[in-house]
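> Handing you a structure now.
The values are calculated or read from the model by the stated rules, or taken from the named source; none is laboratory data. This is a predicted model, so every value here is computed, not measured. Neighbour counts run over all protein chains shown; Cβ positions are idealised from the backbone, glycine included.
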Amino acid sequence: MLLVIDVGNTNVVAGVYDGKKLLVNWRFSTDRSKTADEFGIMLGSMFAYSKIPMEGIKAIIISSVVPPVLVPLCHMCERYFGMKPMVVGQGLKIGLSLRYENPKEIGADRIVNAVAAYEEHASKGKPMIIIDFGTATTFCALLPTGVYLGGAIVPGIGISAEALFQRTAKLPRIELLPPKKAICTNTVSAMRAGIMYGYFGLIEGLIKHFKDELGGDGLVIATGGFANTMAAGTKSIDIVEPFLTLEGLRLIYEKNKK
């Protein structure tokens, strides 16, 4: 079995594959202060709860956009699983051509998502627009020939809402629920309408710009924690794939295993 771990700025998502089948997945908060032992004990409890033996793990792959978390995670893998993990970065085969000024600047999560999208959807013959709704929302453009063109990065909807609460004196922290209308008669509803409808407009606007630059067409694939919420509010998203990143990690491992 293969353990895949994606470290994001807000959450860590982990999963266990048996061949191509995702057996189980977990999500827990990214904590820069956690030690290797704390990560090991937490993962051990998740394996026990899911009734999956830790000794059944034969390989591990990690992608991370949070460098301080990567080191204790790697130490955890060595101590609790008895192996060094494969880490997504320079030198790994990914099967894509990166048309980027400095490929080292591309976040590991963006690369991993592109690998999975290419594997699953390139046969449709359309350019792909991959949107990852995380702490930041990333938009990536990928040609069906496997050429990664780059993209755009905007603040995630969660931190956008949090900034409104943090930087104003009287506005409350709100739950991000679908708004009922745009013209609202109370503060919470007005904030919800502004944030949600505003973000739907941002998504649709950027997708239009991407499609224009890609020749007028594109398959829009969404992933990340807010993907389902965003897809429910706009018709511009074609496919929601909640485990796109985990699948990309599996594929990169398969391309690079000895």
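> Please list, ordered by first then second residue, the pairs with beta carbon atoms under 8 Å, 6 or more apart or interchain, first in segment 203-221 and closer than 12 Å to Cys140 by Cα, second exposed (fewer than 12 other Cβ atoms within 10 Å of the Cβ).
Pairs that qualify, where the first residue is closer than 12 Å to Cys140 by Cα and the partner is exposed (fewer than 12 other Cβ atoms within 10 Å of the Cβ), are Lys211/Asp217; Leu219/Lys124.
> Any idea which of (1) in the same structural domain as Met46 (by TED's automatic domain parsing); (2) β-branched (Val, Ile, Thr); (3) closer than 29 Å to Ala227 by Cα is the one Ile57 doesn't satisfy?
Unmet for Ile57, out of (1) in the same structural domain as Met46 (by TED's automatic domain parsing); (2) β-branched (Val, Ile, Thr); (3) closer than 29 Å to Ala227 by Cα: (3).
Rundown of residues vs (1) over 18 Å from the mean Cα position of the chain (by Cα); (2) in a helix (DSSP H, G or I), yes/no style:
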| position | (1), (2) |
| --- | --- |
| Pro144 | yes, no |
| Gly151 | no, no |
| Phe165 | yes, yes |
| Ala169 | yes, no |
| Ile174 | yes, no |
| Cys184 | yes, no |
| Met191 | yes, yes |
| Ile195 | yes, yes |
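> Right, something else. Given the conditions (1) in contact with a helix residue (DSSP H, G or I) (Cβ under 9 Å, 6 or more places away or on another chain); (2) aliphatic (A, V, I, L, M); (3) within 19 Å of Leu251 (Cα to Cα), and given that Ile183 satisfies all but one, which numbered condition is not satisfied?
(3)
> So in segment 21-38, with the set limited to residues that are more than 20 Å from Glu247 (Cα to Cα) and in contact (Cβ under 8 Å) with a residue 40 or more places away in the chain, which one is farthest from the chain's Cα centre (by Cα)?
Asp37
> Report, ordered by the first and then the second residue, all pairs with beta carbons closer than 9 Å, sequence separation of six or more or different chains, a first member in segment 222-238 that is buried (at least 17 other Cβ atoms within 10 Å of the Cβ), and a second member that is among the aromatic types (Phe, Trp, Tyr) and in a loop (DSSP other than H, G, I, E, B).
Listed pairs, sorted by first residue: Thr223/Phe243.
> Could you check segment 81-96 and list, in sequence order, the residues that are farther than 19 Å from Glu247 by Cα and either aromatic (Phe, Trp, Tyr) or not in a loop (DSSP other than H, G, I, E, B) (or both)?
Phe81, the sole residue that qualifies.
> Filter segment 1-23 down to the residues that are farther than 19 Å from Tyr80 by Cα and surrounded by fewer than 21 Cβ atoms within 10 Å (Cβ to Cβ) and list them by number.
Correct list: Asn9, Thr10, Asn11, Asp18, Gly19, Lys20, Lys21, Leu22, Leu23.
> Anything in segment 204-219 that is under 23 Å from the mean Cα position of the chain (by Cα) and farther than 10 Å from Pro127 by Cβ? List them, or say none.
Glu204, Gly205, Leu206, Ile207, Lys208, His209
> Take segment 136-177 and flag every residue that is touching a residue at least 12 places away in the same chain (Cβ under 8 Å), hydroxyl-bearing (Ser, Thr, Tyr) and within 16 Å of Gly198 (Cβ to Cβ).
Thr137, Ser160, listed by residue number.
> Does Tyr199 fit the bill of being part of a helix (DSSP H, G or I), touching a residue at least 40 places away in the same chain (Cβ under 8 Å), more than 16 Å from the chain's Cα centre (by Cα) and within 23 Å of Gly8 (Cα to Cα)?
Yes.
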